[in-house]
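Data block below; observations after.
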Amino acid sequence: MTQPRIRRAIADSTPAFAPATRAPAGAPNVLVILLDDTGFAQFGCFGGEVETPTFDRLAAGGLRYHRFHVTALCSPTRAALLTGRNHHAVGMGFLTDVPTGFPGYCGRIPEAAATLPRLLGDAGYHTMAIGKWHIAPRWDQQQSGPFDRWPLGLGFDRYYGFPAGDTNQWAPNLIRDNTYVDPPRTPEEGYHLNEDLADEAIRMIAEQQQTTPHQPFFMYFAPGAMHAPHHAPPEWIARYEGRFDDGWDACRDRVFARQVERGIVPPGTENTPRPEGMAAWADLPPEEQRLYARQMEVFAGFLAHTDHHLGRVVDFLEELGILDDTIVMVCTDNGASAEGGAHGSFNEHSWALGQEDDLEVSLARIDELGGHRAYGHYSWGWAWVGNTPFRMWKRYAWLGGVRTPLIVHWPAGIAPEARGDVRGQFCHAIDLAPTVLDAAGIPVPTVVRGVDQMPMHGASLVPSFADPDAPGRDVQYFEMLGSRSIVDGRWKATTDHLSQGVPDESVLAGSRDFDTDRWALFDLEADFAEARDVAGDHPDVLRRLEELWWAEAGRYDVLPLDDSLTGRVVAMEPSPHPPRYRWTYRPGAPTVEEGTPMLTGGFRLVVTTDPVPDGAEGVLCAQGDWNGGWALVAHGGRPAFVVSRYGTPHRIETDTPLPPGATTVEVEYTRAESGGGTVVLRADGAPIGTGAIPRDLPFRWQIGGSRLHLGEDRGFPVSDDYRPPFPFTGRIRRAEITLPALAFLEDRPDPRHDPRADLATD
């Protein structure tokens, strides 16, 4: 850039302007669609039972890759996809919610691994993210940030979606750019997240095309489907009524037959058998068959509904005349999920937060599955079907956890005679970022914004667009929750390790001790489905692959191995925020669960108001909903404290109304040594009601977080005796929560306001 010449007057001065950054000529638009918890065999174009016309259309006009791999869990795959690096190498060896003090598990993508949106944005692209994020560390997900690992902090220009691992599809926890927002409609008005996200994607693309149509765009669209909760409008579920009544054994056979017929799996592929510990459909009682078939109907309706709304985005690109010049990639973050266990779950929080769901509850509430009252997940029998022809599922380094579908649609870059083909190159989520950069003509930089970059670990797939025999990469390691495998050319070695705290012994005869793990060996050229262990025939190959795995583990920060799921919480990075005895909230400033105190060990809530009117009504304070949450609410002047523990309600109320003119309403929970505890309701300090909660409060109310509200509620209620917003008829000044166990902190000076802190020395 030339320098301006500046003189005393403008007539004698010469300006200079920074050149505009322009993407390379012909750089395509890019739309990456990343589904959640969707197995190799769940799209119609990969042999699945569900109608997915959008994905099928993209596959027919593009390419399907049947040896595409991911990391077996959501946060790690997202980080790998967006950086082009292995997940441990960018600190995402596990969920970002549980950062631990080791480089491979810190939950923070380093600046040395600049993301794809950052690189594209610096090269002249407009970048947009829609849907699930789940790669901002636990302590960063609050409204006050920090925002450096939120979407805008990692290179996106625009964002609309949700921050955590899942969310209620009817009443989600939403963010626009860097601000938490409410959904545009209520559940009663027909809101569903799939539709909202598609609307927002279309709006963002329209805005960009109307203002800077010369600029290519990159959109990352991660809807959060098909992760639990499985929620879909009833008319979409009804399309599949009766479709799965013959059960998972027959369904898997049908899927496999289609895969063979359509060339999704190579000739000679063996369909791995149902695990011995999984019930044969014919052996199940009729009422369980009815329940499990209904669970799959809900899942199918949800997937079809998702496909439909993603189809609206694809149709809009076609309407604009830019679909042919847009690379559309469709993939999933891990294999189908078995987190519903043998029976499935009516409320998925129960599994994730350490409590088994009650089969009788699911049977009694079968008609509510998929709707507003449920937070459901299907039985693991359907995960087995969804991963046909492989064994195991999400969380495991077996192919059922790590091999998932990939569709690439790009008419401008894929010759007509190749469209509809199946490609057999080995590929992985880390290959997608290099592929996009290669297609756009953008070199991978060695320095980004002054920071030296680690090399990308993936390789471009662009050569395979034209050449079905183009070589893929040879070596790729896998590790998730102690389950390990490695691919080197035709060979794959896989351990039998089982994660701690996960009752999967009945479906995988394995080890819970790293020292006694057994490695199996598979020849993937002859055995597409990892069905035949040939370790005894090739001990030298197995020994070499095991040693190679350890070498790769050292290279990419995989160590130390940790096979615990919930046990990691014990070793989790401590909060960067100092512990607090007192938390104060004011109307108009809702927060998020991660920024609120943990109530498990006992608490005192005091809501201060203007003098309450006679017969005061409404929500004074609430967090969460009937799937997990609590509320202090008044009816006819009488307060009640309601807790929904994984959907089981507990109610403490009083017949004594608030005295006229009262200015404080209080709830005090004292935990008993045996668990659970007593609750006292007070008005102006005087007891007006008591009760008990029989079991401990959960350490987290909802997996996806939950916002705290004063003076009203949003989304779904905590109990059936009110409907949000149910505003309080008085005026609330503030709410204060104190934790008796931390009362000693009240006497500590705050160093921010202590003048002696300025005199402190090392």
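Among helices (runs of 4 or more DSSP H) entirely within the stretch 399-466, having at least 2 residues that are farther than 22 Å from Trp491 by Cα and of a type in the set (A, V, I, L, M) singles out 432-440, 462-466. Evaluation of Thr71 against the conditions (1) touching a Leu at 6+ places or on another chain (Cβ under 9 Å); (2) closer than 30 Å to Asp563 by Cβ; (3) among the β-branched types (Val, Ile, Thr) shows that the sole unmet condition is (1).
Taken over the stretch 478-490, the criterion of being buried (at least 22 other Cβ atoms within 10 Å of the Cβ) and not in a loop (DSSP other than H, G, I, E, B) is satisfied by Phe478, Glu479, Met480, Ser483, Arg484, Ser485, Ile486, Val487. Restrict the check to the stretch 34-41 and report whether at least one residue is within 22 Å of the chain's Cα centre (by Cα), buried (at least 24 other Cβ atoms within 10 Å of the Cβ) and closer than 25 Å to Ala412 by Cβ. Yes.
Of the residues screened, Ser337 is not one that is hydroxyl-bearing (Ser, Thr, Tyr) and either modelled with pLDDT under 95 or assigned to a helix (DSSP H, G or I) (or both).
Among the residues in the stretch 650-659, are any over 17 Å from Gly689 (Cα atoms) and either among the small types (Gly, Ala, Ser) or in the same structural domain as Arg723 (by TED's automatic domain parsing) (or both)? For the stretch 650-659, residues over 17 Å from Gly689 (Cα atoms) and either among the small types (Gly, Ala, Ser) or in the same structural domain as Arg723 (by TED's automatic domain parsing) (or both): absent. One residue stands out among those in the stretch 72-109 that are assigned to a loop (DSSP other than H, G, I, E, B) and of a type in the set (Lys, Arg): the one that is modelled with the highest pLDDT, which is Arg85.
The set of residues in the stretch 9-39 that are aliphatic (A, V, I, L, M), out of contact with any helix residue (DSSP H, G or I) (no Cβ under 8 Å at 6 or more places or on another chain) and not in a loop (DSSP other than H, G, I, E, B) comprises Ile10, Ala11.
On inspection, Ala114 passes the criterion of being within 30 Å of Gly26 (Cβ to Cβ) and in a loop (DSSP other than H, G, I, E, B). Of all residues in the stretch 99-116, those being touching a helix residue (DSSP H, G or I) at 6+ places or on another chain (Cβ under 6 Å) and crowded, with 21+ Cβ neighbours inside 10 Å number 5.
Scanning the stretch 707-749 for residues that are in contact with a Pro (Cβ under 9 Å, 6 or more places away or on another chain), in a loop (DSSP other than H, G, I, E, B) and not charged (D, E, K, R) gives Gly711, Gly715, Phe716, Pro717, Val718, Ser719, Pro724, Phe726, Thr729, Gly730, Leu739. Just to be sure, is Val436 touching a residue at least 40 places away in the same chain (Cβ under 8 Å) and β-branched (Val, Ile, Thr)? The answer is yes for Val436.
The values are calculated or read from the model by the stated rules, or taken from the named source; none is laboratory data. This one's a predicted model, so the numbers in the text were calculated from it and none came from an experiment. Quick reminder, even Gly has a Cβ in these numbers, built from the backbone with ideal geometry, and neighbours come from all protein chains shown.
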